[in-house]
Amino acid sequence: MSGKSPRTKSVTVKQATLDLLRAFGIDKVFGNPGSTELPFLSDWPDDIDYVLALQEASAVGMADGYAQAKRNAGFVNLHSAAGVGNALGNIYNAYRNQTPLVITAGQQARSILPLQPFLFAERASEFPRPYVKYSVEPARAEDVPAAIARAYYVAMQPPCGPTFVSVPIDDWTHPAPSVITARKLSRELGPDRQAMQELAAALAAAKHPALVVGPSVDRAEAVDLMAKVAEKTKAAVWVSPFSARCSFPERHPQFQGFLHASPGQLSDALKPHDLVVVIGAPIFTFHVEGHAAIFDGTTTIYQITDDPDAASMTPIGTSIIATMTPALTTLLELLPEVKRAAPDGRVMPDAPKAGDPIPVDYLLHTLSNAMPDDAALVEEAPSHRPAMQKFMPMRGQDSFYTMASGGLGYSLPASVGMALGRPRGRTVCLIGDGSAMYSIQALWTAAQRKLPLTVVVINNAGYGAMRSFSQVMQVRNVPGLDLPGLDFVKLAEGMGCDAVRVTRSSELPSALSRSLSHHGASLLEVMVDSAVPLLYAQKH
């Protein structure tokens, strides 16, 4: 019997890569083309859709939204080191969102790399680090398809995230062996059973337990399972600070609300609970400094996370590393019936009143009532998030998305990718005027493709979050907070997108109805009261 391995069919690097995309179920490539990508893009096949973005950050944001909608890696093709530089903010956001992306970028021809040619990067694979899980420029052209295959598998393994492959321009036409794809890899990691038994016992013995849910629950399609665990424990349920997904139905009778990213305010909210179990989130994501009394040792803390790095950073308590579905399934099995009464949930506020100028509360309440039941909301209006959380309760699984990094410029292109990934439902992008200007060109892609997307721009003529922070931090005369003169209707119409401005509350319901039912992409610019509520308690 021969010990030789079977010979593999020789094709070009490009053909081997396209075959890999088909094998992985990747049907779209997002990009903005340049000279170093032309050999890859020549004679483009009909069965893979090339989605053109007008800037590289938008390409990555679109791929991020599409990947989250499809629960498969998005594939991005960027132009050289300059394109990677343009895209870095949204690459970082994909890293924080734990979104699986395979990002490729062009490199100059290998033969002239020693001469430091135009468009080359001396250490291309180092550029996006450390915010990619894997980064490489293969040593040989024939190694490129295998590197892309590895990038896909690494991107998809929890915790998911972006990966990067730099490809010299002359590699695409080079002969390479076909890559035999691995059998489907298991992406589930079961929990330590003894640790889960200890957690179940602690939940049974606690007098006032709390569950803090985070984005990994929604990413794992485990929201219904999370609700069953909550109901069996009769625990209070909170959302972790800055959660980028909705992992618990916000009208559920046990739902308490959203934890602040202030150490003091978070500690005050959790003070009544003798046991806190954080599920699918870090412990905890803070935004401002202060004393975190929750870490003083009087509260027992457990964490279930699929991210070993998050577990290693936990300052106190017990961390259990596992993916959400097997962990929650095991916990549900081990939990005994408890006799304590379930806590009262939060009380929903009265409907806000209309007014002119339009109050933000009224806008958000009206939008919530107008949105279809199956709509997905992609949000980037940080100064209005407390009002959104108050007046726009999300239904749970696959209903809400935002940027985990805090960096602006994500949600508008992400909503385009989301609309591409769920063409039978309406996607709504709720975005501030300042945020919208970071990636406004994403509207062009949405308009060209007639996507089922409604973009609601909250125009308060400035950076509302910065106005709020300047009050909290008691700083005055800060430049650059006002944004007069922006006309989003003209900007949208200039890119072929339907657009309407609303200035009076009486116009809002009909304008929302029209925009949400429009065939294709539609933008609604809403002129609101410029007053901004404080995001955190004011310092004294």
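The values are calculated or read from the model by the stated rules, or taken from the named source; none is laboratory data. What you see is a predicted model, and the numbers here were worked out from it, not measured in a lab. When we count neighbours, we look across all protein chains shown, and the Cβ atoms used for this are built from the backbone with ideal geometry, even at glycine. These area figures cover heavy atoms from the full protein model, side chains too; ligands, DNA and RNA do not enter into them. Shrake-Rupley method; radii C 1.70, N 1.55, O 1.52, S 1.80 Å.
Considering only residues of the range 85-119 that are free of Cβ contacts under 8 Å to residues at least 40 places away in the same chain and open to solvent by less than 70 Å² (accessible area, probe 1.4 Å), which is nearest to the chain's Cα centre (by Cα)? Checking each candidate, the answer is ALA87. Taking (1) farther than 26 Å from GLN389 by Cα; (2) buried (at least 23 other Cβ atoms within 10 Å of the Cβ) in turn, GLY297 satisfies each apart from (2). I'd like the full set of residues that are modelled with pLDDT of 75 or more and among the aromatic types (Phe, Trp, Tyr), limited to the range 452-505. Result: PHE488, single match. The lone criterion from (1) in contact (Cβ under 8 Å) with a residue 60 or more places away in the chain; (2) farther than 22 Å from ALA53 by Cα left unmet by ARG123 is number (1).
For the condition closer than 23 Å to ASP143 by Cβ, touching a Gly at 6+ places or on another chain (Cβ under 6 Å) and among the β-branched types (Val, Ile, Thr), what is the one hit in THR17, THR104, THR36? Let's see the steps before the verdict.
Values: THR17 fails: touching a Gly at 6+ places or on another chain (Cβ under 6 Å); THR104 fails: touching a Gly at 6+ places or on another chain (Cβ under 6 Å).
Among THR17, THR104, THR36, only THR36 is closer than 23 Å to ASP143 by Cβ, touching a Gly at 6+ places or on another chain (Cβ under 6 Å) and among the β-branched types (Val, Ile, Thr).
Matching residues to (1) among the acidic types (Asp, Glu); (2) at positive phi; (3) in contact with an Asp or Glu (Cβ under 8 Å, 6 or more places away or on another chain):
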{"residue": "GLY34", "(1), (2), (3)": "no, no, no"}
{"residue": "ASP47", "(1), (2), (3)": "yes, no, yes"}
{"residue": "VAL51", "(1), (2), (3)": "no, no, no"}
{"residue": "LEU54", "(1), (2), (3)": "no, no, no"}
{"residue": "VAL60", "(1), (2), (3)": "no, no, no"}
{"residue": "HIS79", "(1), (2), (3)": "no, no, yes"}
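Kindly indicate whether PRO145 is part of a loop (DSSP other than H, G, I, E, B), at pLDDT 95 or above and closer than 23 Å to VAL11 by Cβ. No. ASP43 meets each of the listed conditions (1) crowded, with 19+ Cβ neighbours inside 10 Å; (2) over 19 Å from GLN157 (Cα atoms) apart from (1). Just one of (1) crowded, with 16+ Cβ neighbours inside 10 Å; (2) out of contact with any Pro (no Cβ under 6 Å at 6 or more places or on another chain); (3) closer than 30 Å to THR12 by Cβ fails for SER178. It is (1).
Every condition in (1) of a type in the set (Asp, Glu); (2) within 30 Å of ALA139 (Cα to Cα); (3) open to solvent by less than 10 Å² (accessible area, probe 1.4 Å) holds for ASP218 except the one numbered (2).
If you check ALA387, ALA381, ALA311, ALA327 for being of a type outside the set (Asp, Glu), without any contact (Cβ under 8 Å) to a residue 24 or more places away in the chain, open to solvent by less than 40 Å² (accessible area, probe 1.4 Å) and on the phi < 0 side of the Ramachandran plot, only one passes: ALA311.
Could you list, in sequence order, all residues of the range 266-289 that are modelled with pLDDT of 95 or more, open to solvent by 50 Å² or more (accessible area, probe 1.4 Å) and either part of a strand (DSSP E or B) or more than 20 Å from ILE304 (Cα to Cα) (or both)? ASP268, LYS271, PRO272 - these are the residues of the range 266-289 that are modelled with pLDDT of 95 or more, open to solvent by 50 Å² or more (accessible area, probe 1.4 Å) and either part of a strand (DSSP E or B) or more than 20 Å from ILE304 (Cα to Cα) (or both). Taken over the range 76-94, the criterion of being polar (S, T, N, Q) and farther than 19 Å from ARG219 by Cα is satisfied by ASN77, SER80, ASN86. Filtered by the rule that a residue be at pLDDT below 95, farther than 30 Å from ILE301 by Cα and among the charged types (D, E, K, R), the range 171-196 gives ARG183, LYS184.
Restricting to the range 304-363, what's the tally of residues that are assigned to a loop (DSSP other than H, G, I, E, B), under 24 Å from ALA292 (Cα atoms) and of a type in the set (Val, Ile, Thr)? Qualifying residue count, the range 304-363: 2.
Restricting to the range 148-169, name every residue that is under 30 Å from SER216 (Cα atoms), touching a strand residue (DSSP E or B) at 6+ places or on another chain (Cβ under 7 Å) and either open to solvent by less than 10 Å² (accessible area, probe 1.4 Å) or modelled with pLDDT under 95 (or both).
Filtering the range 148-169 for residues under 30 Å from SER216 (Cα atoms) gives 148-166.
Now narrow it down to the ones that are touching a strand residue (DSSP E or B) at 6+ places or on another chain (Cβ under 7 Å): 148, 151-152, 154-155, 162-166.
Passing the criteria: ILE148, ALA151, ALA155, PRO162, THR163, PHE164, VAL165, SER166.
Here's a check for you: in the range 254-265, which residue that is touching a Phe, Trp or Tyr at 6+ places or on another chain (Cβ under 8 Å) and farther than 24 Å from SER405 by Cβ is least open to solvent (accessible area, probe 1.4 Å)? Before the answer, list the steps.
Looking only at the range 254-265, we keep the residues that are touching a Phe, Trp or Tyr at 6+ places or on another chain (Cβ under 8 Å), and these are 255-263, 265.
Retained after the next criterion (residues that are farther than 24 Å from SER405 by Cβ): 255-256.
Details: PHE255: 1, GLN256: 46 Å².
Only one residue fits best here, namely PHE255.
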